[in-house]
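Scroll down for the structure; my scribbles are underneath it.
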Amino acid sequence: MSADFTVERGGVVRGTVWMLFILVLLFWLPLLGPLLAGAVGGKKAGGVGTAIAAVFLPCVLLAAFLFLYSTALSGLPLFGFMVGAGSFLLLVGNIGPLLVGAIVGGLLAR
């Protein structure tokens, strides 16, 4: 009688959490930070497809968080919209290295 102890590998949420965590920790490294975050998150996602899907979630989640947080602190919805839109544009600028790292990490996960 043998027990099958299979651990489910990967997933979009798992890759997103790792990418988001490392991206926040390594924000001070302009090119290397998103590249490393993408590689680790892509490996944790388990494949290239899920890694690519996980790339866009940190960008959207951080922009939404900054929008809600700045609106709640200032009480000005227009200010919150401007901060959210600006942060979204800055985060989109980091998607290039994050996407390359995610593809490399997804290929390493196989």
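Computed values, structure above
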{"quantity": "Val100 vs. criteria assigned to a helix (DSSP H, G or I), in contact (Cβ under 8 Å) with a residue 60 or more places away in the chain and touching a Leu at 6+ places or on another chain (Cβ under 9 Å)", "calculated": "yes"}
{"quantity": "Residue in the range 28-50 that is surrounded by 17 or more Cβ atoms within 10 Å (Cβ to Cβ) and of a type in the set (Phe, Trp, Tyr) present", "calculated": "no"}
{"quantity": "Single residue of Ser74, Ser87 found to be among the polar types (S, T, N, Q), free of Cβ contacts under 8 Å to residues at least 60 places away in the same chain and buried (at least 17 other Cβ atoms within 10 Å of the Cβ)", "calculated": "Ser87"}
{"quantity": "Which numbered condition Gly10 misses (of (1) surrounded by fewer than 17 Cβ atoms within 10 Å (Cβ to Cβ); (2) under 15 Å from the mean Cα position of the chain (by Cα); (3) in a loop (DSSP other than H, G, I, E, B))", "calculated": "(1)"}
{"quantity": "Any hit, the range 40-63, residues being closer than 19 Å to Val17 by Cα, over 14 Å from the mean Cα position of the chain (by Cα), modelled with pLDDT under 85 and not in a loop (DSSP other than H, G, I, E, B)", "calculated": "no"}
{"quantity": "Hey, Trp28 at pLDDT 85 or above, of a type in the set (A, V, I, L, M, F, W, C) and part of a helix (DSSP H, G or I) or not", "calculated": "no"}
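The values are calculated or read from the model by the stated rules, or taken from the named source; none is laboratory data. Please read these numbers as outputs of a predicted model, since none were measured by experiment. Don't worry about glycine lacking a Cβ; one is built from the backbone with ideal geometry, like all the others, and counts go over all protein chains shown.
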